[in-house]
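Down below is the structure, laid out as structure tokens.
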Amino acid sequence: MFTGIVEAMGVVAELRRQGNESVIRIHCPALDLSDVKLGDSIATNGVCLTVTELGSDYYCAHVSGETIQRTGFAHYAKGQKVNLEKALLATGRLGGHMVSGHVDDVGTITQRTVMGQSIELWVDAPAGLARYIAEKGSITVDGISLTVNEVDESRFKLTLVPHTLQETTLNDWRPGRRVNLEVDIIARYLERLLNAAPEPQQGGLTLATLAASGFMK
């Protein structure tokens, strides 16, 4: 699990295509890797990747065909900046919201407006995700936990403060950029619970059971 609070930025140093899969190497001198070991997870632009090779300032990971198909990794190349976050420790602070690192789909930046020192962005989400996006709710965009400030059908607006712009890849976002989206995991579970068919009740109280038990003549 992650929080969507980006710890550092890295750069795609190598991306080797292997059929419909890839091996990626992330150069990340700003990320403390001293407590990372092989098999650990690092959210890379919001995608939970397993560390398969580790150096003092880099890590490698295998990117499956499923991940490439469902995320922006299909469009990445050497030199691409990425947001990085190590997996959440049970003793850590949940500064953003609960993030699984399992990207739901890819959205597109459609509008960028400078508002003083902040920036407003409009993002087009796939229609299938629109029902999970709520005003003042949380959404993860390229691994960043952000607050939705307005919703218009499948579009939503983000307001980005200077600190977030400085510490993440957000300052490079322009209309047309494709971004990884993960909706609030709680919304998905709530929908599943509400739409689940009720379990058939066994041995309910009926007139027949009352009569068989001697309560009716």
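A quick yes/no check of all residues on (1) loosely packed, with under 15 Cβ neighbours inside 10 Å; (2) in contact with a His (Cβ under 7 Å, 6 or more places away or on another chain); (3) modelled with pLDDT under 90; (4) closer than 30 Å to Cys28 by Cβ:
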residue: Asn171; (1), (2), (3), (4): yes, no, no, yes
residue: Gly176; (1), (2), (3), (4): yes, no, no, yes
residue: Glu182; (1), (2), (3), (4): no, yes, no, yes
residue: Ala187; (1), (2), (3), (4): no, no, yes, no
residue: Leu194; (1), (2), (3), (4): yes, no, yes, no
residue: Gln202; (1), (2), (3), (4): yes, no, yes, no
residue: Thr206; (1), (2), (3), (4): yes, no, yes, no
residue: Thr209; (1), (2), (3), (4): yes, no, yes, no
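Collect the residues in segment 41-58 that are touching a strand residue (DSSP E or B) at 6+ places or on another chain (Cβ under 8 Å) and within 15 Å of Ala13 (Cβ to Cβ), keeping them in residue-number order.
From segment 41-58, those touching a strand residue (DSSP E or B) at 6+ places or on another chain (Cβ under 8 Å) are 41-54, 57-58; that's our starting set.
Hits for segment 41-58 are Ile42, Thr44, Asn45, Leu49, Val51, Thr52, Glu53, Leu54, Asp57, Tyr58.
Restricting attention to segment 94-115, the residues being within 19 Å of Lys136 (Cβ to Cβ) and either surrounded by 16 or more Cβ atoms within 10 Å (Cβ to Cβ) or under 16 Å from the mean Cα position of the chain (by Cα) (or both) number 7. Touching a helix residue (DSSP H, G or I) at 6+ places or on another chain (Cβ under 7 Å) and on the phi > 0 side of the Ramachandran plot - does that describe any residue in segment 106-128? No: zero hits.
If you go through segment 82-93 and keep only what is of a type in the set (S, T, N, Q) and surrounded by 19 or more Cβ atoms within 10 Å (Cβ to Cβ), you end up with just Asn83.
Would you check if Arg25 is touching a residue at least 24 places away in the same chain (Cβ under 8 Å), under 25 Å from Pro175 (Cβ atoms) and not in a loop (DSSP other than H, G, I, E, B)? Answer is no for this residue.
The values are calculated or read from the model by the stated rules, or taken from the named source; none is laboratory data. Just so it is clear, the structure is predicted and the values come from calculations on it, not from any experiment. Backbone-built Cβ (ideal geometry, glycine too); neighbour counts: all protein chains shown.
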